[in-house]
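Everything below concerns the one structure shown next.
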Amino acid sequence: MTRRLRLPGAGFGPRLSAVSGALMVAAAVTASDARAWVPGDPHLDTTPRTAAEADRIARVIEAPTDFTMPEPFEENPGGAATVRARTTADAFSQPSANIDFAHELDFKVGNGLFRKLWVSSPASTLASDGLGPLYNARGCQNCHFKDGRGHPPEGPEDAAVSMFLRVSIPADADPLMADVADYVATAPDPVYGGQLQDFGTPGHPAEYRLEVRYDEVPVNLNGGEVVTLRAPTYRAADLGYGPLHAAAMLSPRVAPQMIGLGLLEAIPAADILALADPEDADGDGISGRANVVWSREYERPMLGRFGLKAGMPTIREQSAAAFSGDMGLSTALYPAHSGDCSAAQADCRAAPHGAAEGEAEVTEETLDLVTFYSRNLAVPARRDVDDPEVLRGKQLFHDSGCASCHRPKFVTHRLPDRPEQSFQLIWPHTDMLLHDMGPALADNRPEGRASGREWRTAPLWGIGLTARVSGGENYLHDGRARTLLEAVLWHGGEGQAARDAVVAMPAPDRAALIRYLESL
């Protein structure tokens, strides 16, 4: 008989009992159980909490009832790792505040590697060659400029360095994930691979040019205000290697901000899974689901945490995938020296690479340092937490249902080897689950257990500093929203009720809600 992976927590109503349910699950899990059936990081999910500790944490993270003053420690969304909010574009580029001197050096070296520009082979700079032959960017920082958000192309002359199109086609089955319920198998495009690269090294044509067209969609708000949304249409123009597969599914992706990733990785898987309510058992209209993906690092199904559809389980694996897909660089996890080049792209596969015999272009040490850097990009402190309008906006955030998915608080694992992230009260404003966001935001491309209408709840910490870091505002998976209010108005599906509540608010209430978001 085929064993189906049963995700724990499905029986808990996520809004009424998820706080206690999450901690009950965490307390009940033994070390062996965690490795056997909780699809989290085996390195992290091995030490259960005691019942007393679980009860204590449940009280700390329960929803507020008094909105006349800030909650304890609310100004420190990253716990002890929180840093002072800078007034410059470097607000997202600081190391964890609780990092020690030796590890701060690792952070700085990792920063240098994150900013490094790679070149094509052969080259005299042996430590930096191997780029491509097809690629989207020459360095991590090119997409995540100042460790912040990317943006869609702003006109025909703007190269979409921080945005690309993922591509896949339907597949019959994935034998590695046969035991995972609701897993949707896909395969790379037989010619273009898993994502479209808009640059090529000399002699290798780029795969495409991204075209974006916007149509205006007016939305009438209570009080007479009209907000104009821009509905995008994407086209893969100037295809360099022939047509895409007839069943190709494209998904636009803008690079997300980088802060707080290590803290998100340190949330116990059981706490996330206990919030899932796939059948909407409590009838609140919110039915978050966990993505479960295959981990190359641990060779097993694991909870997806990273990426816009939670398609990656760990920061290290996410980093390795970016080296491969975005820059065409090999790692131990993605050993192909030609990156995302398919078997149909013979010249790309045969091109010179930058690896020594039996090695990868990105060494294990380099990957570890970039991972450490990504894990320790600190969350800036909140601003104006005691401002009356911010507190009013916070109450509206909860009353309108926004907090049902953008869950404010978690407590991380005890991690002896990761002290910066160990046992911290954090405020990411996400449940790390997948939610149906309606047809307007659908990319119609499944990823693991995520359907073509589902996206992982985006963390909101630091969102009020977006313009300061990135020089502008572009929200949602494809950067279509130019303001926080536009981002809210695009919500459909499970977010429709909260969106409609915002539309119906008097203008001063909407302003208070946005002021609260800007304080995060």
(Q) What is the sum of charges, Lys and Arg at +1 and Asp and Glu at -1, for the other residues whose Cβ falls under 10 Å from the Cβ of Glu75? (A) -2
Q | Per residue Cα convex hull volume in Å³ - calculated over segment 438-520 | A | 97 Å³
Q. In Å², what does the accessible area per residue of the chain work out to with a 1.4 Å probe?
A. 40 Å²
Q) When the accessible area of the chain is split by element with a 1.4 Å probe, what percent falls to carbon and sulfur? A) 55 percent
Q) Out of residues 5 or more away from Leu377 or on other chains, whose amide H comes under 5 Å of its own, with H placed 1.01 Å from N in the peptide plane? A) Gly260, Leu261, Gly262
Q: Mind listing the lone cysteines of the chain, meaning no other Cys beta-carbon sits under 4.7 Å from theirs?
A: Cys140, Cys143, Cys402, Cys405
Q.
For segment 162-274, compute the orientation-averaged projected area of the C-alpha convex hull (one quarter of its surface), in nm².
A. 12.7 nm²
Q: With the convex hull built on the Cα atoms of segment 328-408, state its orientation-averaged projected area in nm².
A: 9.6 nm²
Q) Using +1 on the beta carbon of Lys and Arg, -1 on that of Asp and Glu, and nothing else charged, what's the dipole of segment 371-520 about the Cα centre, debye to 20? A) 300 debye
Q | Label-zone membership for segment 100-131, site Glu365, 7 angstrom Cα→C-beta point, backbone N under 14 Å | A | 106, 109-110, 113, 127-128
(Q) Can you tell me, using C-alpha contacts under 8 Å and at least 6 residues apart, the relative contact order of the chain as a whole percent? (A) 22 percent
(Q) Out of all DSSP beta bridges in the chain, what portion is antiparallel? Express it as a percent rounded to 5. (A) 90 percent
Q) Taking the Cα atoms only, what angle lies between the long axis of helix 315-327 and the longest principal axis of the chain, rounded to 10 degrees? A) 40 degrees
Q: Report, to the nearest 10°, how far helix 388-399 tilts away from the longest principal axis of the Cα atoms in the chain, using its own Cα long axis and a range of 0 to 90°.
A: 80 degrees
Q. Which far-off residues, 5 or more places away or on another chain, put their amide H under 5 Å from the one on Leu229, with H placed in the peptide plane?
A. Val217, Val219
Q. Between (1) 43.0; (2) 23.9; (3) 28.3, which matches mean projected area of the Cα convex hull in nm² calculated for the structure shown?
A. (2)
Q: Report, to the nearest 10°, how far helix 364-375 tilts away from the longest principal axis of the Cα atoms in the chain, using its own Cα long axis and a range of 0 to 90°.
A: 30 degrees
Q) Based on Cβ point charges of +1 for Lys and Arg and -1 for Asp and Glu, what charge dipole magnitude is obtained for segment 349-441 about its Cα centre, in debye rounded to the nearest 20? A) 480 debye
Q: For segment 87-246, report the convex hull volume of the alpha-carbon atoms normalised per residue, in Å³, without decimals.
A: 274 Å³
Q. Once amide H atoms are built 1.01 Å from N in the peptide plane, which residues 5 or more positions from Met312, or in another chain, come under 5 Å H to H?
A. Arg305, Phe306
Q) Using θ = phi - 60° and the Karplus curve 6.51 cos²θ - 1.76 cosθ + 1.60, what whole-Hz ³J(HN,Hα) does each residue of segment 137-151 get, with Gly and Pro shown as x? A) 7, 8, x, 4, 5, 4, 7, 9, 4, 6, 6, x, 7, x, 8
(Q) What FRET efficiency comes out for Asp500 versus Thr65 if R0 is 25 angstrom and r is the Cβ-Cβ distance? Round to the nearest 0.05. (A) 0.55
**Q.** Distance histogram for segment 368-514 (every C-alpha pair counted, 10 angstrom bins, percent rounded to whole numbers)
**A.** 10, 34, 36, 17, 2, 0
**Q.** J(HN,Hα) series, segment 253-266, from Karplus relation 6.51 cos²θ - 1.76 cosθ + 1.60, nearest Hz, glycine and proline x
**A.** 9, 9, 4, x, 5, 10, 5, x, 5, x, 6, 5, 5, 8
Q. Roughly how big is the chain's charge dipole about its Cα centre, with Cβ charges of +1 (Lys, Arg) and -1 (Asp, Glu), in debye to the nearest 20?
A. 200 debye
Q.
Just the number: Rg to Rh for segment 217-283, Cα atoms, Kirkwood Rh, two decimals.
A. 1.14
Q | Calculated log₁₀ intensity ratio I(q)/I(0) where the Debye formula runs over C-alpha points of segment 251-373, q = 0.10, 0.11, 0.12, 0.17 Å⁻¹ | A | -0.41, -0.48, -0.56, -0.96
Q | HN-Hα J in Hz across segment 347-358 - Karplus 6.51, -1.76, 1.60, θ = phi - 60°, x for Gly and Pro | A | 5, 5, 5, 8, 5, x, 10, x, 9, 6, 3, x
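The values are calculated or read from the model by the stated rules, or taken from the named source; none is laboratory data. These numbers were taken from a predicted model, which means no experiment stands behind them. FYI the Cβ positions are ideal-geometry reconstructions off the backbone, even for glycines, and counts take in every protein chain you see. Just the protein is used for accessible areas: all its heavy atoms, side chains included, with ligands, DNA and RNA removed. Shrake-Rupley method; radii C 1.70, N 1.55, O 1.52, S 1.80 Å.
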